[in-house]
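In what follows, a structure is listed as structure tokens, so that the remarks can point back to it.
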Number of protein chains: 2
Amino acid sequence: MATMLSVKRRLDRRLNLFEESLESLVHDAMSSSEAPAMVLARDVLLAGGKRLRPLLCILSYEAAGGEDVSEVMDLALSSELLHTATLVHDDIYDQSKFRRGRPTLHSSHGLSHAIIAGDYLFSLGFARGGRYDLEVVDMISSACANIATGELLQFDHIGDLSTTPEDYYSIIDGKTVGPFSTSCACAALVAGASQDIADMLYEFGTEFGRAFQLVDDLLDLTGDPSMGKPRGTDVHEGKMTLPLIHALTTLHGAEREHLADVLSNFSDDRWNELHSLLEISDSMEYVKQLIQNHVDRALEILDSLPDSPARELMSEVALVSKKRRI
Amino acid sequence: MATMLSVKRRLDRRLNLFEESLESLVHDAMSSSEAPAMVLARDVLLAGGKRLRPLLCILSYEAAGGEDVSEVMDLALSSELLHTATLVHDDIYDQSKFRRGRPTLHSSHGLSHAIIAGDYLFSLGFARGGRYDLEVVDMISSACANIATGELLQFDHIGDLSTTPEDYYSIIDGKTVGPFSTSCACAALVAGASQDIADMLYEFGTEFGRAFQLVDDLLDLTGDPSMGKPRGTDVHEGKMTLPLIHALTTLHGAEREHLADVLSNFSDDRWNELHSLLEISDSMEYVKQLIQNHVDRALEILDSLPDSPARELMSEVALVSKKRRI
């Protein structure tokens, strides 16, 4: 118990450092000619969010031997700014009404302002990332290009019941996983670590990111009313998450046809049908097992890093993220 | 005559170098995992456009003493990629159907794909700009942040008949002028020129960019059917261009009321009314004079640079841009 408290305290210390830097960035922009753009962007920037990318960025830097956290803060800011930029734009075409407990930018300020605010966040993110060496800059912009590719691929597979697990991993590796891997690996490079260490942290980020996305897939199917997490957004949008892909592959005959019908003509009154079918195919358990595998591999990678307090914290983050409910 | 031909040939040589680099960038992306995003982006990238930003970038580099054009090519690419990114996003909320003679991305591929393609172009643009020193990176991202601010300011003044010339310059300095000034100044820094030379080229870009935007304002009012340039887009959208702002300031009494009515309730059958009023206020002539002043100042700035073939070419570009019809 004391240990868990101490873990939380030590994570909070890093998160607070990050929040201070973010608030100071927002404050500076508000006192500059950029104020009209920051007025729009600050609500979503400061509304919280899990801050997992900057947290892992800071921890990776320390685990890779970095000793002055201020060195990696621009990278941490860059990861959160670019992530928020993509959220603002995603919310537009996903027609999401709420984000981080507040109305989305496009629903409160309209399409044009949301597009512009997202572009502004991109320029801030690149400004912070652009302070590092060419290798880091290339990795960051390549991760952003791959987000675009992953999103386009996802559109291609909307409602596509023949989507394979390989398609699925191509989509999430671009959209979600790449930014985690890139943050962790770049943080190691900023710490002056060897390419080997950077590669290991890249792999850690990959395993972590995949577990993270699979947890998201499960949460979309279970929801959690007590946490204000709605369920079924992906199903309604026709997004092919791994539990659905697994069920479509596993079921046969009448059950497969039933599932295809439920997914192609989904509405909220068909939840029970969907859950019965996922029960038969054991798809939720299958995905839980995959999450466990990804987390196990993430922990194994950490084990091969030199021992450090940051490494222990990264293990905790990996373990806790498996159980998150939002 | 021989001289003009030779000017054109020398400009074309630089433009061809740029097009080759751009084509090679597109080609590389098409053979990478980014292909799905580049498939969307390449049409608008390769559809032409005036390429004024990269051209001035290359010429500024040479005029500032740069001797190896390949050094500045990433900056030239960056300026065109970022410019194209903003065009793709602008076209969405301006609801433009055509760009560079082709259907706009959102009209051919839908909202989501156009947002994503713009984001992808941003990441490519920042990747190229991010190869330079911190000072250059900061100037580029600051120019992008100011584009966002300029666009938001422009929205605030849509249909606002009390828009002042100061408001107007704040809008265009962010949206249009900043990227020109920034390209020219950064090119000087890349050439290793002194801060003085970089500042002068920044001023050149500012004067050039303002003249460029004012010519745009006039073209919107006159159009040129022979060049396929439609007229009145700004007027229909309620954008307060300088000829309109001047006329609203100059006219009084019944004429001012008439103009306010025409602008607030504009339709294509009111062109004659609008042109008569602009005739009375002499606003087109006033703006032509301003354009002349900006070009004169741009030329004066060039005169204080060391003599060079590139400097002569920049004068020609400034003079020719005054007479452009698209």
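What follows is calculated from the coordinates using simple rules that are stated; it is not laboratory data. What you are looking at is a predicted structure, and each value in this text was computed from that prediction instead of being measured. All Cβ positions, even for glycine, are placed from backbone atoms using ideal geometry, and neighbour counts span all protein chains on display.
Some observations on this one:
- Long pairs among A:97/A:288; B:175/B:322; A:97/B:239; A:239/B:97; A:239/B:50, criterion Cα-Cα beyond 31 Å: A:239/B:50
- With its label point put 7 Å out from Cα toward Cβ, residue B:13 sits 6.3 nm from the same residue's point in the other copies, in order from shortest.
- Multiplying the residue separation of residue A:216 and residue A:111 by 0.36 nm and subtracting their alpha-carbon distance yields 35.1 nm.
- Kirkwood Rh, Cα atoms: Rg over Rh of the protein assembly as shown: 1.01
- Taking every residue in A:129-135 and counting other chain Cβ atoms within 10 Å of its Cβ, the average works out to 4.
- Sorted shortest first, the separations between the residue A:280 label point and its copies elsewhere in the assembly read 7.9 nm; each point sits 7 Å from Cα along the Cα-to-Cβ line.
- In chain A, the longest principal axis of the Cα atoms and the axis of helix A:52-63 are about 50 degrees apart.
- Helix axis angle, A:309-322 relative to chain A longest principal axis, alpha carbon, degrees: 20
- Mean shadow area of the stretch A:1-74 over all directions, Cα convex hull, nm²: 5.8
- All Cα-Cα separations within the stretch B:207-326 were binned at 10 Å from zero, giving a P(r) of 13, 39, 28, 14, 5, 1, each value a whole percent of the pairs.
- Charge-dipole axis of the stretch A:2-322 as Lys and Arg at +1 and Asp and Glu at -1 on Cβ define it, positive-most pick from A:77, A:136, A:154: A:77
- Computed from the Cβ-Cβ distance with R0 of 56 Å, the FRET efficiency linking residue A:32 to residue A:257 stands at 0.40.
- Euclidean distance of C-alpha centroids, the stretch A:205-282 and the stretch B:176-227, integer Å: 53
- With Cα atoms as the point set, the radius of gyration and Dmax of the stretch B:2-321 evaluate to 20.1, 64 Å.
- The distance linking the stretch B:1-56 with the stretch A:43-117 is 34 Å (Cα centroid to Cα centroid, whole angstrom).
- Among the residues of B:139-147, the average count of other protein chain beta-carbon atoms within 10 Å of the residue beta-carbon is 6.
- Relative contact order computed over the stretch B:9-161 (Cα-Cα under 8 Å; 6+ residues apart), in percent: 23
- Here the stretch A:199-326 is assigned +1 on the Cβ of each Lys and Arg and -1 on the Cβ of each Asp and Glu. Its dipole about the Cα centre then comes out at about 240 debye.
- Within straight-line reach of residue A:323, meaning a Cα separation under 18 Å, sit the following aspartates and glutamates at least 8 residues removed in sequence or on another chain: A:207, A:216, A:217, A:220, A:224, A:285, A:296, A:312.
- Peptide A:93-100, shielding by other chains (average Cβ, 10 Å cutoff): 1
- Positive-end residue, the protein assembly as shown charge dipole about Cα centroid, Cβ charges, pick of A:191, A:59, B:22: B:22
- Over all pairs of different C-alpha atoms in the stretch A:1-129, the reciprocal of the mean inverse distance, the Kirkwood hydrodynamic radius, equals 15.4 Å.
- Shortest-first distances to equivalent copies, position residue A:296, nm, label 7 Å out along Cβ: 8.0
- Simple point charges give the picture: +1 on the Cβ of Lys and Arg, -1 on the Cβ of Asp and Glu, and for the stretch B:2-321 a dipole about the Cα centre of about 940 debye.
- Förster-model FRET efficiency, 35 Å R0, residue B:47 and residue A:264, C-beta, rounded to 0.05: 0.35
- Under the simplified labelling scheme, the residue A:102-residue B:134 pair shows an inter-label distance of 3.0 nm, with each label point 7 Å from Cα along Cα→Cβ.
- Two-site FRET efficiency, residue B:307 against residue B:194, from Cβ-Cβ distance with R₀ of 25 Å, rounded to 0.05: 0.90
- Take every pair of alpha-carbon atoms less than 8 Å apart whose residues are at least six positions apart; their mean separation over the length of chain B yields a relative contact order of 19 percent.
- Rounded to the nearest 20 debye, the dipole size of the protein assembly as shown about its Cα centre is 440 debye, using +1 on the Cβ of Lys and Arg and -1 on the Cβ of Asp and Glu.
- A full extension of the chain between residue A:19 and residue A:3 corresponds to an added length of 3.4 nm, given 0.36 nm per residue minus the alpha carbon distance.
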